[in-house]
Amino acid sequence: MSSPETEPTEASPVEAPPVALYVHVPFCVSQCPYCDFVVVAGREARGPTNRIDAFTAALETELRLRADALDARWGMPGSRPALASVYFGGGTPSLLPVATVAGLIDLIRDRFGLAGGAEVTLEANPGPDERGDPAALRDAGVTRLSIGAQSFDPDELRALGRRHTRADIAATVTGARSAGIPSVSLDLLYDIPGSSLRTWSRTVDAALRLEPDHLSLYALTLDDPDAEGLTGPTGDHLPLRPGARRWREKARSGQDDDRAAAMYEIADRRLAAAGYEWYEISNWARPGHQSRHNLAYWRRLPYEAVGPGAHAFDGATRRWNAARLDTYLAALTPTERASPNPPPGGSERIDSGTAIAERAMLSLRTAEGLALAPAALARLATRLAAPVAAGLLDEAPNGRLTLTLRGRMLSNEVFARLV
Ligand code: SF4
């Protein structure tokens with residue numbers, strides 16, 4: 001007989017084939033000091049010593065190895081679900097030659113299967129020499145461009161170490177529209193040191209004037225991956241450079257939680273008035289333009305992932321690749337004496353209790369909210385009673401819990417009750 005802790009629920013770990021694929025492209029022209037992503041910049045990204053070709057060969061090898069493993073576990077493409085989404089994230093994937101993007105999409109279609117109408121997102125930076133050719137990207141199979149705008153304020157862009165201007169953002173959106181890319185998203189950052197409610201309001205309004213289909217608004221976070229133990233040889237982050245560490249220490253003193261909350265509220269109001277619906281704490285979209293790929297993460301669906309620092313999830317185990325490009329290339333580049341191997345990294349089996357907490361937190365991030373119907377999740381009701389009483393959570397007549405606007409701004413306080 002199963003105990004309440006082990007009884008099957010929809011939150012229990014169950015392996016399943018992936019419905020989404022993340023591809024990490026680590027190259028950037030220069031490194032922004034606030035950035036925590038796995039990035040290599042400068043001579044490794046451009047010029048005669050760039051490593052893009054070596055990386056592409058290694059990435060293709062990893063795609064084949066991961067596909068081989070899926071074939072063995074779940075059957076060949078056609079007998080397992082085709083991917084509903086692919087996401088090229090970075091880094092700056094728009095730095096890849098478009099023929100490389102096209103070749104990768106073809107390989108993915110061949111080895112993983114791509115569902116009809118699959119969403120294929122590519123992240124692009126707006127600089128004229130890094131945004132790529134949108135028409136060629138569309139022809140290669142890209143259906144969604146996610147543009148790293150971050151701010152429309154020239155001083156803030158400079159402070160963040162960004163290379164582009166307001167005009168570059170507008171040109172990138174216009175180019176994507178003219179090329180017929182079906183969905184265009186802008187990323188913006190708030191709580192930037194030196195920013196104000198005035199500069200933020202102007203940034204939100206400038207973004208809305210470009211009429212993107214989707215907006216992601218993230219508070220600038222300045223964590224320390226070294227202190228969190230994430231930068232070892234098999235870690236999924238790279239060590240901070242001394243200059244970036246100094247920049248962050250100074251920048252932290254220019255951040256303000258109350259200002260950040262006010263910025264969130266301003267944006268939510270203006271976006272709602274302009275016809276964008278929030279569907280996740282940091283994401284708003286016009287109807288039909290929600291990121292299907294990111295929804296797969298929040299719905300805790302299984303996804304595959306390739307590239308340095310990339311994370312995969314098969315419903316029961318999380319796996320990650322180590323962040324370092326050298327070790328990534330060394331593992332995947334064949335030699336006379338050795339065949340390629342999956343890159344180093346780590347994995348973690350998710351126990352039932354963690355799975356339940358994860359499902360609750362991920363569901364509560366979204367406007368879909370959390371249904372407490374399964375028995376395991378129903379046990380969370382007592383832990384969530386206080387946030388309901390404090391007005392951070394709304395309980396719909398059908399029993400689903402969703403974050404209120406105040407709850408979205410204080411979501412960490414709600415989530416802390418679930419772990
Ligand atoms: S462009 Fe984006 S990914 Fe590259 S360093 Fe800057 S923030 Fe990071």
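The residues listed here are Pro344, Pro340; of these, the one that is at pLDDT 95 or above, more than 27 Å from the chain's Cα centre (by Cα) and closer than 27 Å to Ala310 by Cα is Pro340.
Would you call Arg43 assigned by TED's automatic domain parsing to the domain that holds Ala84, more than 16 Å from the ligand (Cβ to nearest atom), open to solvent by 20 Å² or more (accessible area, probe 1.4 Å) and of a type in the set (D, E, K, R)? Judged against the criteria, Arg43 is not a match.
Residue count for segment 315-328 under the criterion of being crowded, with 22+ Cβ neighbours inside 10 Å and either in a loop (DSSP other than H, G, I, E, B) or at pLDDT below 95 (or both): the result is 3.
The residues of segment 280-314 that are of a type in the set (Gly, Ala, Ser) and either in a loop (DSSP other than H, G, I, E, B) or surrounded by fewer than 20 Cβ atoms within 10 Å (Cβ to Cβ) (or both), listed by number, are Ser282, Gly288, Ser291, Gly307, Gly309, Ala310. Reported count of residues in segment 330-356, each being surrounded by fewer than 18 Cβ atoms within 10 Å (Cβ to Cβ) and not in a loop (DSSP other than H, G, I, E, B), is 8. Residues that are modelled with pLDDT under 95 and not in a loop (DSSP other than H, G, I, E, B) occur in segment 235-242; there is at least one.
Free of Cβ contacts under 8 Å to residues at least 24 places away in the same chain and either closer than 30 Å to Ala149 by Cβ or within 10 Å of the ligand (Cβ to nearest atom) (or both) - does that describe any residue in segment 52-66? Yes; the residues of segment 52-66 include at least one that is free of Cβ contacts under 8 Å to residues at least 24 places away in the same chain and either closer than 30 Å to Ala149 by Cβ or within 10 Å of the ligand (Cβ to nearest atom) (or both). Taking segment 76-194 as the region of interest, the strands (runs of 3 or more DSSP E) fully inside it that hold 1 or more residues being open to solvent by 40 Å² or more (accessible area, probe 1.4 Å) and either at pLDDT 95 or above or not assigned by TED's automatic domain parsing to the domain that holds Leu210 (or both) are 83-90, 114-124.
Taking the criterion of being in contact with a Leu (Cβ under 8 Å, 6 or more places away or on another chain) and over 17 Å from Thr366 (Cα atoms), the residues of segment 268-293 that qualify are Arg270, Ala274. Does any residue of segment 151-165 turn out to be free of Cβ contacts under 8 Å to residues at least 60 places away in the same chain, within 13 Å of the ligand (Cβ to nearest atom) and among the charged types (D, E, K, R)? No, the conditions are met nowhere in segment 151-165.
Name the pairs: first residue in segment 21-40 and near the ligand (Cβ under 9 Å from one of its atoms), second residue among the basic types (Lys, Arg) and open to solvent by less than 20 Å² (accessible area, probe 1.4 Å), Cβ to Cβ under 9 Å, at least 6 apart or on different chains? Short answer, once both residue conditions are applied: Pro33/Arg248; Tyr34/Arg248. Report whether or not Gly232 is closer than 24 Å to His289 by Cα, surrounded by fewer than 22 Cβ atoms within 10 Å (Cβ to Cβ) and free of Cβ contacts under 8 Å to residues at least 60 places away in the same chain. For Gly232, the condition - closer than 24 Å to His289 by Cα, surrounded by fewer than 22 Cβ atoms within 10 Å (Cβ to Cβ) and free of Cβ contacts under 8 Å to residues at least 60 places away in the same chain - is not met.
Considered as a group, the residues in segment 377-419 that are closer than 18 Å to Ile356 by Cβ and assigned to a loop (DSSP other than H, G, I, E, B) include one that is most open to solvent (accessible area, probe 1.4 Å), and that residue is Val419.
Here the condition is being more than 16 Å from the ligand (Cβ to nearest atom), among the hydroxyl-bearing types (Ser, Thr, Tyr) and either in a loop (DSSP other than H, G, I, E, B) or buried (at least 22 other Cβ atoms within 10 Å of the Cβ) (or both); of Thr221, Thr199, Thr203, it holds for Thr203 alone.
The values are calculated or read from the model by the stated rules, or taken from the named source; none is laboratory data. A quick note: this is a predicted structure, and the numbers were derived from the prediction, not measured. Every residue, glycine as well, gets a Cβ built from its backbone with ideal geometry; the counts of neighbours run over all protein chains shown. Surface areas here come from the heavy atoms of the whole protein model, side chains and all, with no ligands, DNA or RNA. Shrake-Rupley method; radii C 1.70, N 1.55, O 1.52, S 1.80 Å.
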